[in-house]
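Scroll down for the structure; my scribbles are underneath it.
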Amino acid sequence: MKYKRSKLEEMGLDFAVIIVQLHDFLFNTIREYTISKQIVKSGTSIGANIAEAQGAQSDADFIAKLHISLKEARETEYWIELLLRSNKISQELYDFLINHLDPLISYIILTLKKRKASLKTP
């Protein structure tokens, strides 16, 4: 039986695929080596930490992993902005990336809020 991923896990994995493709474009097409390496690390780490959270040993561990995921998402957002401002990507590609990252960030925050609220309920 195949493991069924949560919506958050799917979103993280889908975004990681986009980031791997972006890395390939940056590295192979425009020969941008430094930022491409940084963004592939942070961008794929988002989903990896979400996946790790699913196997958390406790609620505190789950929350900690999602916080790391959120930090990685914010870092990825920084690299995407830097790519735009340094004219490495078009506004259209920037918009595409942000339109995939923003909902992921929002869903991570929503999941964190729900989990923290459930801990307060007796």
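Annotations for the structure displayed:
- Remark on Glu32: its backbone amide H falls under 5 Å from those of Phe27, a criterion applied only to residues 5 or more positions apart or on other chains, H modelled at 1.01 Å from N.
- A straight chain from Ala64 to Ser106 at 0.36 nm per residue would run longer than the Cα-Cα distance by 13.5 nm.
- Lys120, Lys41 arranged by Cβ crowding within 10 Å, fewest neighbours leading: Lys120, Lys41
- Principal-axis tilt of helix 59-85 within the chain, Cα atoms, nearest 10 degrees: 20 degrees
- Across the range 7-117, the relative contact order, built from alpha-carbon pairs under 8 Å that are at least six residues apart, equals 28 percent.
- 0 to 90° range, to nearest 10: angle between helix 7-24 axis and the chain longest Cα axis: 20 degrees
- Fully extended contour minus Cα-Cα distance, from Thr29 to Arg74, at 0.36 nm per residue: 13.7 nm
- Taking the longest Cα principal axis of the chain as reference, the axis of helix 34-54 is set at about 20 degrees.
- Computing FRET efficiency as 1/(1 + (r/R0)^6) for Val20 and Gln91, where r is the C-beta to C-beta distance and R0 is 35 Å, gives about 0.95.
Read-outs throughout are calculated quantities, based only on the coordinates presented, and are distinct from any laboratory measurement. Just so it is clear, the model here is predicted, and its values are computed rather than measured. Every residue, glycine among them, receives a Cβ derived from its backbone with ideal geometry; neighbour counts consider all protein chains shown.
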